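Enquirer: I am attaching a structure below and will ask some questions about it afterwards.
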Amino acid sequence: MNINTSGKNVVQPLAGKRGGRDHTLLSESSPFHVREAFKTIRTNLQYTLATTSSKSFVIASAMPNEGKSTSSANLAIVLAQTGAQVLLMDCDLRKPSVHRLFRLTTGKGVTSILCGIDTIEQALHENVVPNLDIITAGPLSPNPSELLGSSRMKDLLGIVEKAYDYVILDASPMNLVSDAVIVAKQTAGIVLIVRQEQSRHEQLQKCIKSCEFAGVNILGIIVNESRSSKSYHYGYVYEYSKATDRK
Ligand SMILES: Nc1ncnc2c1ncn2[C@@H]1O[C@H](COP(=O)(O)OP(=O)(O)O)[C@@H](O)[C@H]1O
Ligand SMILES: [Mg+2]
């Protein structure tokens, strides 16, 4: 596999909190390079999704802490900035974090919708950012894989896909549980996150094999790099490589 690593955007710093939201969320005060990097990812993704029948996709990676939730949230924000109607759904039902990133309650969410306790309307957080609605994970459930593979999940996706231009699903680590692949089979595919200096080549290979085995489309790969320096600065790199660039 060849992941093109030319043209990196490295920016710093990104410490501190703004407006009560997580500091890793994009805002007007985010460094220029980070905003530009996400715009590039957005454009590539828009082109890729233009050729798919579904506009919903899963953000996944091999292991925890590689940047799935952060990338899902920021992609949702940049897509919403185009005026498109975007829904972000937290489908990491084992270790949900979208509600924490946006400081939302999660008493109602994906699990309570799938169990028939709440309606989509009841669980929906509307216009969290202009044009961006969010459904958090909901209460922890004992059977996440079964819920995500259920016909109710299929129905839920069918409904939200009709209502939104883009539906982004944050997922659990692929090499630990099968949830991401189960959900991705019902969408346009998976965008894989790789964290530089953390993700391992063989782990990524395992992810790709799982997708191939399940017939899940890999829409692209985002390289998410975080480097701390001697001072308390962070380096952020977001880079996108289309699946077709892989050799
Ligand atoms: N590019 C980045 N630079 C600095 N910190 C990051 C970056 N991406 C993610 N993080 C941080 O790493 C941690 C894990 O990220 P998260 O998105 O929750 O990963 P995952 O969803 O894959 O488990 C969080 O504390 C997040 O703020
Ligand atoms: Mg996460």
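The values are calculated or read from the model by the stated rules, or taken from the named source; none is laboratory data. A quick note: this is a predicted structure, and the numbers were derived from the prediction, not measured. Methodologically, a virtual Cβ is constructed for each residue, glycine included, from the backbone with ideal geometry; neighbour enumeration extends over all protein chains shown.
Enquirer: State all residues of the stretch 1-21 that are modelled with pLDDT of 50 or more and part of a loop (DSSP other than H, G, I, E, B); if no residue qualifies, say none.
Expert: If the condition is that a residue be modelled with pLDDT of 50 or more and part of a loop (DSSP other than H, G, I, E, B), then GLY20 is the only one that fits.
Enquirer: Only one of GLU121, GLU126, GLU146 is in contact with an Asp or Glu (Cβ under 8 Å, 6 or more places away or on another chain) and free of Cβ contacts under 8 Å to residues at least 12 places away in the same chain; which?
Expert: GLU126
Enquirer: I need the full set of residues from the stretch 161-180 which are more than 16 Å from ligand 2 (Cβ to nearest atom) and buried (at least 18 other Cβ atoms within 10 Å of the Cβ), in order please.
Expert: GLU161, TYR164, TYR166, VAL167
Enquirer: Let me ask something additional. Let me spell it out: the conditions are (1) within 16 Å of ligand 1 (Cβ to nearest atom); (2) over 14 Å from ASP92 (Cα atoms); (3) not in a strand (DSSP E or B), and LEU192 meets all of them except one. Which number is the exception?
Expert: Tallying (1) within 16 Å of ligand 1 (Cβ to nearest atom); (2) over 14 Å from ASP92 (Cα atoms); (3) not in a strand (DSSP E or B), LEU192 fails exactly one: (3).
Per-residue answers, yes or no, for (1) away from ligand 2 (no atom under 16 Å from the Cβ); (2) surrounded by fewer than 24 Cβ atoms within 10 Å (Cβ to Cβ); (3) at pLDDT 95 or above:
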site: SER56; (1), (2), (3): yes, yes, yes
site: SER97; (1), (2), (3): no, yes, yes
site: PHE102; (1), (2), (3): no, yes, yes
site: GLY107; (1), (2), (3): yes, yes, yes
site: SER112; (1), (2), (3): yes, yes, yes
site: ALA123; (1), (2), (3): yes, yes, yes
site: THR136; (1), (2), (3): no, no, yes
site: GLU146; (1), (2), (3): yes, yes, yes
site: ARG152; (1), (2), (3): yes, yes, yes
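Enquirer: Out of the stretch 28-46, which residues are free of Cβ contacts under 8 Å to residues at least 40 places away in the same chain and hydroxyl-bearing (Ser, Thr, Tyr)?
Expert: SER29, SER30, THR43, listed by residue number.
Enquirer: Can you tell me which residues in the stretch 80-100 are away from ligand 1 (no atom under 12 Å from the Cβ), of a type in the set (Val, Ile, Thr) and within 14 Å of the chain's Cα centre (by Cα)?
Expert: Scanning the stretch 80-100 gives a single hit, VAL86.
Enquirer: Tell me which residues, restricted to the stretch 58-77, are hydrophobic (A, V, I, L, M, F, W, C) and surrounded by fewer than 23 Cβ atoms within 10 Å (Cβ to Cβ).
Expert: MET63
Enquirer: From the residues in the stretch 59-85 that are within 12 Å of ligand 2 (Cβ to nearest atom) and either in a loop (DSSP other than H, G, I, E, B) or β-branched (Val, Ile, Thr) (or both), which one is farthest from LEU26 (Cα to Cα)?
Expert: MET63
Enquirer: Looking only at residues that are more than 18 Å from VAL129 (Cβ to Cβ) and either within 14 Å of ligand 1 (Cβ to nearest atom) or hydroxyl-bearing (Ser, Thr, Tyr) (or both) in the stretch 22-36, which one is modelled with the highest pLDDT?
Expert: Out of the qualifying residues, it is PRO31.
Enquirer: Then there's this: For CYS115, indicate whether it is more than 16 Å from LEU26 (Cβ to Cβ), of a type in the set (A, V, I, L, M, F, W, C) and in contact (Cβ under 8 Å) with a residue 60 or more places away in the chain.
Expert: No.
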